[in-house]
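The values are calculated or read from the model by the stated rules, or taken from the named source; none is laboratory data. Predicted, not measured: the structure shown is a model, and the values here were computed from it. Please note: Cβ atoms are built from the backbone with ideal geometry, for glycine as well, and neighbour counts cover all protein chains shown.
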Amino acid sequence: MTARTVARFALAALLLFTGSGHLTWGRRGFRAAVPPYVPFDKDTVLVASGVAELALGTALAVAPRRARPWVGVATAAFFVAVLPGNIAHWVSRRDAPGLDSDDKRFARLFLQPVLVWWAWWSTRNR
């Protein structure tokens, strides 16, 4: 198994875990992370995010080789799309599961480019 394959499955597992959290055990806590400027109900945002994460995680794990670059682009775009919400979460200083300090919320911002790169690198053709 290549490093790219291991990385792709690890990213899939991460997305499946976080998607499950948004829909179940972490739902209440993650509501605090939804920025106040979002024009939708917080629960709707969490469900949509959880479903998107589950779909992307599943696609990363099972997509045929020819579709993987597109799955990688979609996953990278998702990570770019949630960045403004993560910035708002840091600025608002609200706790969420695993993000109970300003330092942790700030550090997560530096994880976003890593996630974008990870999605792209692990799915691109050689």
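Taking the condition of a type in the set (K, R), in contact (Cβ under 8 Å) with a residue 40 or more places away in the chain and touching a Leu at 6+ places or on another chain (Cβ under 9 Å), does R31 pass? Taking the combined requirement at face value, the residue does not satisfy it.
Of the residues in region 35-54, none is loosely packed, with under 13 Cβ neighbours inside 10 Å, at pLDDT below 90, charged (D, E, K, R) and over 30 Å from T2 (Cα atoms). Filtering region 79-123 to residues that are within 29 Å of V6 (Cα to Cα), among the aliphatic types (A, V, I, L, M) and either assigned to a loop (DSSP other than H, G, I, E, B) or without any contact (Cβ under 8 Å) to a residue 24 or more places away in the chain (or both) leaves A81, A107, L111, V114.
Within region 98-116, the residues that satisfy the criterion of being crowded, with 16+ Cβ neighbours inside 10 Å and either modelled with pLDDT under 95 or of a type in the set (S, T, N, Q) (or both) are L99, R105, R108. Look at region 46-69: where a residue is within 18 Å of V82 (Cα to Cα) and without any contact (Cβ under 8 Å) to a residue 12 or more places away in the chain and a partner is of a type in the set (A, V, I, L, M, F, W, C) and not in a helix (DSSP H, G or I), sitting 6+ places away or on another chain with Cβ atoms under 9 Å, you get A48/F40.
Can A59 be described as assigned to a helix (DSSP H, G or I), over 15 Å from the mean Cα position of the chain (by Cα) and crowded, with 16+ Cβ neighbours inside 10 Å? Here the answer is no, as A59 does not meet what is asked. The combined condition, being more than 16 Å from R68 (Cβ to Cβ) and either loosely packed, with under 15 Cβ neighbours inside 10 Å or more than 13 Å from the chain's Cα centre (by Cα) (or both), is not fulfilled by R8. Under the condition of being in contact with a strand residue (DSSP E or B) (Cβ under 7 Å, 6 or more places away or on another chain) and under 16 Å from G57 (Cα atoms), the residues counted in region 68-122 number 0.
Just need a number here: residues in region 18-51 that are within 19 Å of F79 (Cβ to Cβ) and either of a type in the set (K, R) or not in a helix (DSSP H, G or I) (or both). Total meeting the criteria: 4.
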